[in-house]
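Before any comments, here is the structure.
The values are calculated or read from the model by the stated rules, or taken from the named source; none is laboratory data. On a predicted model such as this, the values are computed, not experimentally measured, just so you know. Reconstructed Cβ throughout: ideal geometry from the backbone, glycine too, with neighbour counts over all protein chains shown.
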């Protein structure tokens, strides 16, 4: 079911303010920026070997990331697992009684299909399933 940890999402108030830590101190490679209007979030990905770090910055005070930041502050927001056939994976989890936020995949960053499990499913860790479009084996 799980191919790998695709990325770790980190909620931040300002990508530009924290980026030097990741690019200069840790020497991670910046892969690019993207805005996802449907989720009211601006993201950037950094390469950390086979796993990426996704920095998430709210585009509005009404976004889920803004609400997360106001409750918990900056820090790890989610862990995303790379999967094949996300629709089947969601159905399997639902059948097993796993609480879901998304029962239907939605569009995510980097042209991926994504779905979130409810944090109570994984001991208060927000889990994202991530399927890269056009590639069912690996990215």
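Of the residues 47, 38, which single one is under 21 Å from residue 112 (Cβ atoms), assigned to a helix (DSSP H, G or I) and in contact (Cβ under 8 Å) with a residue 12 or more places away in the chain? Explain how you work it out, then say what you get.
Numbers: 47 fails: assigned to a helix (DSSP H, G or I).
None of the other options fit; the residue is 38.
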Do we have any residue at all in region 105-115 that's in a helix (DSSP H, G or I), exposed (fewer than 13 other Cβ atoms within 10 Å of the Cβ) and either touching a strand residue (DSSP E or B) at 6+ places or on another chain (Cβ under 8 Å) or modelled with pLDDT of 95 or more (or both)?
yes
Name the pairs whose Cβ atoms lie under 6 Å apart, with the first residue in region 90-118 and within 16 Å of residue 9 (Cβ to Cβ), the second assigned to a loop (DSSP other than H, G, I, E, B) and modelled with pLDDT under 95, and 6 or more positions between them or separate chains?
114/108
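Please find, among 66, 25, the residue that is free of Cβ contacts under 8 Å to residues at least 40 places away in the same chain, touching a strand residue (DSSP E or B) at 6+ places or on another chain (Cβ under 8 Å) and over 20 Å from residue 133 (Cα atoms).
Values: 25 fails: touching a strand residue (DSSP E or B) at 6+ places or on another chain (Cβ under 8 Å).
Result of the check over 66, 25: 66.
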